[in-house]
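Notes follow the structure.
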Amino acid sequence: MLDLFIHILVPVAIFMFIAIFTLFAVYAERKIAGFVQDRLGPMETGKYGSLQTIADILKLLQKELITPFLADKILFRVAPIVIFVAIFTGFSVIPWSHNFIPVNTHTGLFLIMAVVSIDAIGILMAGWGSNNKFSLLGAMRAIAQMVSYEIPVGLTLITAVMLTQSLNLNDIATNQGILATEEIKFLGIWSIKNVGGVLAWNIFQAPHMIVTYIIFFIATLAECNRAPFDIPEAESELVGGFHTEYGGIQFAFFFLAEYAMMFLVSMLGVVLFLGAWNTPFPNIGSIRLADWTTGFGWGIFWTFFKSLFLVGIQMWIRWTLPRLRADQLMNLCWKVLTPLAFLCMAISAIWRILVIT
């Protein structure tokens, strides 16, 4: 009975977190956009506009669900749910703190790549099912972009796996701090298992891991269809892209999926490269900063702090850089990121054989 209760409670908790995070993130993004564009952002609803996103949600919930007359009704209605569930499932294998993970599986990283890829099918269903040329064009652009950028993302994940020798995200997270079960060396030279801190994170285990993380960040930004990679939704060209015909709660699911994806890829980057729930402070002699700032509560705090910091950077980039053209976007993927990711993967293999073992 207790197991059944936990199996129900965990998905509900994850959904509630995504909903609350989206409310917070939409408000934060509007304020960041206002700051970048030298204006105030929302100010009318609530103090400093703090209730604006709640008002927006109430408006969406009250809207009539309209299905275009010639649309494929099944594809049209199922698409938002497919997209959201694909991303929602990805949260099931992400560790939030030490041994605090919804499902501790040995193939967690593989599962994330598999289920998040279903997102692309949902977008195609939305574009095709809408029977609208703007929606179909947006969906085709999204599929081309997501399939292309999954290659550098996959290569960077393989690079990290070759270094850590594990697909278990809980094990990868544990072995980046003072609770590590294996030897950790800063740049393959200095043993820092008892020191911990920022130098024990995977991004500093080998010189090429910094480049690998930069590739991962850029490629996952494109996977989220965020500016400057937002050609699938380019408002000035395609109205709204694949979700042009959607409104009400169906549109809200697209919104939830977009912001959930932002947090998911940020968390994945934190777990693989940025120490996961481990503290950035090292032990320095008798000053045991790492020991003092490591634990269950601290783990959740560090995971949130690091992930929210990366989400903030994603928002800052959106409102700072102009949109790339389709040819520029593909050139960046196939001529820059993919070759660099292949190079990092090869270096990781050599590093594992010659330096770590």
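The values are calculated or read from the model by the stated rules, or taken from the named source; none is laboratory data. It should be emphasised that the depicted structure is a prediction, and the values quoted were computed from it without experimental measurement. Glycine gets a Cβ as well: all are built from the backbone with ideal geometry, and neighbour counts include every protein chain shown. The accessibility values were calculated without ligands, DNA or RNA, using every heavy atom of the protein model including side chains. Shrake-Rupley method; radii C 1.70, N 1.55, O 1.52, S 1.80 Å.
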Those residues that are open to solvent by 10 Å² or more (accessible area, probe 1.4 Å) and assigned to a helix (DSSP H, G or I), I need them from the range 154-181; list them, please.
-> GLY154, LEU155, ILE158, VAL161, MET162, LEU163, THR164, ASP171, THR174
Quick one: PRO68 ticks every box in (1) out of contact with any helix residue (DSSP H, G or I) (no Cβ under 7 Å at 6 or more places or on another chain); (2) part of a helix (DSSP H, G or I); (3) surrounded by 14 or more Cβ atoms within 10 Å (Cβ to Cβ) except a single one, so which number is it?
-> (2)
Give the range 221-262 a look and list any residue that's hydroxyl-bearing (Ser, Thr, Tyr), under 26 Å from ASP327 (Cα atoms) and either open to solvent by less than 10 Å² (accessible area, probe 1.4 Å) or not in a helix (DSSP H, G or I) (or both), or say none.
-> THR244
Provide a single number: the residues in the range 186-220 that are over 20 Å from VAL355 (Cβ atoms), surrounded by 22 or more Cβ atoms within 10 Å (Cβ to Cβ) and aromatic (Phe, Trp, Tyr).
-> 1
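Do you know which of the residues in the range 137-153 that are of a type in the set (A, V, I, L, M, F, W, C) and more than 13 Å from ILE121 (Cα to Cα) is surrounded by the most Cβ atoms within 10 Å (Cβ to Cβ)? Talk me through it step by step, then tell me what you get.
Going through the range 137-153, the residues of a type in the set (A, V, I, L, M, F, W, C) turn out to be 137, 139-140, 142-144, 146-147, 151, 153.
In the following step, the residues that additionally are more than 13 Å from ILE121 (Cα to Cα) were identified as 137, 151, 153.
Details: LEU137: 20, ILE151: 16, VAL153: 23.
For the range 137-153, the residue satisfying everything is VAL153.
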Mind checking whether some residue in the range 32-47 is under 16 Å from PHE251 (Cβ atoms), out of contact with any Pro (no Cβ under 8 Å at 6 or more places or on another chain) and free of Cβ contacts under 8 Å to residues at least 60 places away in the same chain?
-> no
Does LEU354 satisfy the condition of being of a type in the set (A, V, I, L, M), open to solvent by 50 Å² or more (accessible area, probe 1.4 Å), at pLDDT below 90 and part of a helix (DSSP H, G or I)?
-> yes
In the range 31-60, residues that are among the charged types (D, E, K, R) and open to solvent by less than 80 Å² (accessible area, probe 1.4 Å) total 2
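Could you grab me the full set of residues in the range 86-108 that are part of a helix (DSSP H, G or I) and either touching a helix residue (DSSP H, G or I) at 6+ places or on another chain (Cβ under 7 Å) or surrounded by fewer than 17 Cβ atoms within 10 Å (Cβ to Cβ) (or both)? Walk me through how you get there before you give the answer.
First, the residues of the range 86-108 that are part of a helix (DSSP H, G or I): 86-93, 108.
Residues satisfying the conditions are ALA86, ILE87, PHE88, THR89, GLY90, PHE91, VAL93, GLY108.
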Return the pairs, sorted by first residue and then second, in which the second residue is in a loop (DSSP other than H, G, I, E, B) and among the β-branched types (Val, Ile, Thr), the first residue lies in the range 192-205 and is free of Cβ contacts under 8 Å to residues at least 40 places away in the same chain and over 15 Å from LEU163 (Cα atoms), the beta carbons are less than 9 Å apart, and the residues are 6+ apart or on different chains.
-> LYS193/ILE178; LYS193/ILE184
